[in-house]
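Read the structure below first, then the notes.
The values are calculated or read from the model by the stated rules, or taken from the named source; none is laboratory data. In this text the structure is predicted, and so the values were computed from the model without any measurement. A quick note on method: Cβ atoms are made from the backbone with ideal geometry, for glycine too, and the neighbour counts reach across all protein chains shown.
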Amino acid sequence: ANPVEGFTPEVEALFADPRFVGLKFHPELNLYAADDARVDTYLARAAERGLFALFHTDQAENSTPERLARLAARHPRVKFIAGHMGLWGAQERCLRVIREAPAQNIYGDLAWFHRFDLLADEIEAGRTARFVFGSDAPVDGEESYQQYLWILFRMGAGEAILRTLFVDNPRQLRP
């Protein structure tokens, strides 16, 4: 979704399609702040349909985890995914935002999240309920799934944790 363009006929058609399950926003790419008021219209519609909203997050000004947190606080009925969980340089901040979200409506996406030490701490502490994998993985192709499965396996993530991250948690995001 690109709130700079507004609701195009294509966007309206997607909202009308029952197979449509979520929105993806890339504030850096489309040159707007994640918490820009123009996003609110999309999120109000997402709340009506029970759709999730994935936001690219990183350390760049338009895509910070803190901007996503402000947006999530304004829209407590929407489930948000912090794409890449802060990417390079904002991972710890993103984890804090996920943990502290008052409505517990922010999930962290593990695609391109490379701070496996932080993830290991979250797994060890039993905080896996709001992490998903695969919501932004196609950027790397299908190999992403195998690569991350292998990394998680090597970290000692058992079958139950893998099922949580790859199956159960993503199901919670569906309408």
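Computed values, structure above
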| quantity | calculated |
| --- | --- |
| Among (1) farther than 26 Å from Ala47 by Cβ; (2) modelled with pLDDT under 80 - the single one Gly134 does not satisfy | (1) |
| Residue list for the stretch 50-89, filter: of a type in the set (Lys, Arg), free of Cβ contacts under 8 Å to residues at least 60 places away in the same chain and within 19 Å of Val21 (Cβ to Cβ) | Arg77 |
| Test: residue in the stretch 133-146 that is closer than 18 Å to Pro27 by Cβ and of a type outside the set (D, E, K, R) | yes |
| Qualifying residue in the stretch 160-172 (condition: in a loop (DSSP other than H, G, I, E, B), touching a Phe, Trp or Tyr at 6+ places or on another chain (Cβ under 9 Å) and not acidic (Asp, Glu)) | no |
| Scan of the stretch 73-97 for residues that are within 25 Å of Glu12 (Cβ to Cβ), surrounded by 21 or more Cβ atoms within 10 Å (Cβ to Cβ) and in contact with a helix residue (DSSP H, G or I) (Cβ under 8 Å, 6 or more places away or on another chain), ordered by number | Val78, Lys79, Phe80, Ile81 |
| Top-ranked residue of the stretch 28-47 - restricted to ones that are assigned to a loop (DSSP other than H, G, I, E, B) and within 17 Å of the chain's Cα centre (by Cα), ranked as nearest to Asn62 (Cα to Cα) | Ala33 |
